[in-house]
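Chemist: Sending over a structure as structure tokens; questions will come in a sec.
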Amino acid sequence: DTGVSQDPRHKITKRGQNVTFRCDPISEHNRLYWYRQTLGQGPEFLTYFQNEAQLEKSRLLSDRFSAERPKGSFSTLEIQRTEQGDSAMYLCASSADRASTEAFFGQGTRLTVV
Amino acid sequence: DAKTTQPPSMDCAEGRAANLPCNHSTISGNEYVYWYRQIHSQGPQYIIHGLKNNETNEMASLIITEDRKSSTLILPHATLRDTAVYYCIVRGYSGNTPLVFGKGTRLSVIA
């Protein structure tokens, strides 16, 4: 499978715990995006990487959220001190570094904070 | 904020064409129209995109009006598996900006 891969697919955690999600983009895709989606809403943009550089962050990305892409390949999204409001689907997408190109999404990580 | 307007829901009979409208009256000259769909509990799936000419691929056709202020996604023979939320998105040519999703149109294909 050469699509975008996300791990884990599901995560249940207690409030206050830290969680980390991983995204493996399509090989050679330079651009990587993280989104969050809550029930009944469209995906909301969180942050964007061009290779290892984090170029854009949404105001939704509070201080408790941090994303990295250290070698320009896979990326991690960490949430510290989780809150019940963090419960959502976290989606990763990647695209090639060229104009008017489509982005491809992974299947997402569903986080439930109890 | 999303720069597009879509009806919240539509129904379509199985085997018939599904025509999903989208208004993007503030679209700029270098912005493309993208369509994605999301089947329940899955990640969004790319369908098609275009600038000003009509586009067709194995999944769908995209018809963009001459003034580019609106477009229609056409699924020529809808099946039950096409039941999903369909998102119309306007995005700059460079492609280095994130896709901004609205609430989309929930298409229900009925047997």
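Chemist: Could you state the accessible area per residue of the protein assembly as shown in Å², with a 1.4 Å probe and every protein chain left in place? The partial results should precede the final answer.
Modeler: Working: 11400 Å² over 225 residues.
Accessible surface, normalised per residue, equals 51 Å².
Chemist: Using a 1.4 Å probe over the heavy atoms of the protein chains, calculate the carbon and sulfur portion of the accessible area of chain B as a whole percent. Each step should come with its number before you reach the end.
Modeler: Working: 2680 of 5590 Å².
That share works out to 48 percent.
Chemist: Across the range B:77-90, in residue order, what do the Karplus-derived ³J(HN,Hα) couplings come to in whole Hz, using 6.51 cos²θ - 1.76 cosθ + 1.60 with θ = phi - 60° and x for Gly and Pro?
Modeler: Result, rounded to whole Hz: 9, 5, 10, 4, 6, 7, 5, 5, 9, 10, 10, 9, 9, 9.
Chemist: For the range A:8-13, in order, what is each residue's ³J(HN,Hα) by Karplus, 6.51 cos²θ - 1.76 cosθ + 1.60 with θ = phi - 60°, in whole Hz (x at glycine and Pro)?
Modeler: Karplus values, whole Hz, x for Gly and Pro: x, 7, 9, 9, 10, 9.
Chemist: Average partner chain C-beta neighbours within 10 Å, per residue of A:27-40?
Modeler: Numbers: counts 0, 0, 0, 1, 3, 0, 2, 1, 5, 0, 4, 0, 0, 3.
The mean count of partner-chain Cβ atoms within 10 Å per residue comes to 1.
Chemist: Using the crude model of +1 on Lys and Arg Cβ and -1 on Asp and Glu Cβ, and no other charge, please compute the dipole size for chain A relative to its Cα centre, in debye to 20. Don't jump to the answer; show the numbers that get you there.
Modeler: Numbers: 15 positive and 14 negative charges, 83 e Å.
Value, rounded to 20: 400 debye.
Chemist: Mean projection of the alpha-carbon convex hull of the protein assembly as shown over all orientations, in nm²?
Modeler: Details: hull surface 49.2 nm².
Averaged projected area of the protein assembly as shown's Cα convex hull equals 12.3 nm².
Chemist: On average, how much area does the Cα convex hull of the range B:1-42 cover when viewed from any direction, in nm²?
Modeler: Numbers: hull surface 18.3 nm².
The number I arrive at for the range B:1-42 is 4.6 nm².
Chemist: Now a separate question. Tell me the Rg and the Dmax, in Å, that the Cα atoms of the range B:60-111 produce.
Modeler: 13.3, 41
Chemist: Hey, can you list the residues from the range B:28-49 whose accessible area shrinks by 20 Å² or more with all protein chains present, relative to the chain by itself (probe 1.4 Å, no ligands or nucleic acids)?
Modeler: Hits at the 20 Å² cut-off: B:TYR34, B:TYR36, B:GLN38, B:SER41, B:GLN42, B:GLY43, B:PRO44, B:TYR46, B:HIS49.
Chemist: Also, quick follow-up: Of the options A:THR47, A:GLY85, A:ALA96, report the single residue whose Cα projects farthest towards the positive end of the charge dipole of chain A (beta-carbon charges: Lys, Arg +1; Asp, Glu -1).
Modeler: Ranked along the dipole, the leading option is A:GLY85.
Chemist: Which value, in nm² and rounded to one decimal, describes the direction-averaged projected area of the C-alpha convex hull of chain B? All intermediate terms of the calculation are to be shown ahead of the outcome.
Modeler: Numbers: hull surface 26.4 nm².
For chain B, the mean projected area of the Cα convex hull comes to 6.6 nm².
Chemist: Determine which lysines satisfy two conditions relative to A:LYS57: a Cα distance under 25 Å, and not lying fewer than 8 residues away in the same chain.
Modeler: Qualifying lysines at Cα under 25 Å: A:LYS11, A:LYS71, B:LYS3, B:LYS103.
Chemist: Another question, then. Using a 7 Å offset from the Cα along the Cα-to-Cβ direction at both A:ALA96 and A:THR76, what is the distance between the two label points in nm, to one decimal?
Modeler: 3.1
Chemist: Right, another one. Once the convex hull of the C-alpha atoms of the range A:4-86 is built, how many Å³ does it hold per residue, rounded to a whole number?
Modeler: Numbers: hull volume 8.2 nm³, N = 83.
Cα-based convex hull of the range A:4-86, divided per residue, equals 98 Å³.
The values are calculated or read from the model by the stated rules, or taken from the named source; none is laboratory data. Bear in mind the structure is a predicted one, so any value in this text is a computation, not a measurement. All Cβ positions, glycine included, derive from the backbone under ideal geometry; neighbour counts span all protein chains shown. The area values use the complete protein model at the heavy-atom level, side chains included, leaving out ligands, DNA and RNA. Shrake-Rupley method; radii C 1.70, N 1.55, O 1.52, S 1.80 Å.
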